[in-house]
């Protein structure tokens, strides 16, 4: 008895749904005419805001204190502070830190340029300069 009642309820819901759905007249959109936005279902759609307005709990003076702190920091590090040995280390090149690195990279560039028929004139000049520097260092 209960099963029959459930079946009747489901059948009536399905018939009502199809009846309402099929009773609507669907107009075929003409592809040669523009679609009117004001009469389309999209015009009736309500859009939820993506960003919610939130109240910030910060003191009124916070932006000023942050600005003052950043300004003092920049004045000290960019203007008042003198260079020290750590700053000098930052200005060194990698070639001055690792002995033989520049020569090795020049040799690799020389091989690559020779294989690809590129100019090697500047590389040869720098290799000669490095060899002269090495010879002077060996004599001293």
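Does region 57-65 contain at least one residue that is surrounded by 10 or more Cβ atoms within 10 Å (Cβ to Cβ), at pLDDT 80 or above and either within 30 Å of residue 133 (Cα to Cα) or in contact with a strand residue (DSSP E or B) (Cβ under 6 Å, 6 or more places away or on another chain) (or both)? Checked against the condition, which is being surrounded by 10 or more Cβ atoms within 10 Å (Cβ to Cβ), at pLDDT 80 or above and either within 30 Å of residue 133 (Cα to Cα) or in contact with a strand residue (DSSP E or B) (Cβ under 6 Å, 6 or more places away or on another chain) (or both), region 57-65 yields no hits at all.
Going through region 63-112 one residue at a time, which ones are part of a loop (DSSP other than H, G, I, E, B) and over 30 Å from residue 138 (Cα atoms)? Across region 63-112, the qualifying residues are 81, 82, 83, 84.
When 107, 94, 101, 118 are checked against the criterion of being loosely packed, with under 10 Cβ neighbours inside 10 Å and either at positive phi or touching a helix residue (DSSP H, G or I) at 6+ places or on another chain (Cβ under 8 Å) (or both), 94 stands alone in meeting it.
The values are calculated or read from the model by the stated rules, or taken from the named source; none is laboratory data. Nothing here was measured: the structure is a model prediction, and the numbers come from that model. Neighbour counts run over all protein chains shown; Cβ positions are idealised from the backbone, glycine included.
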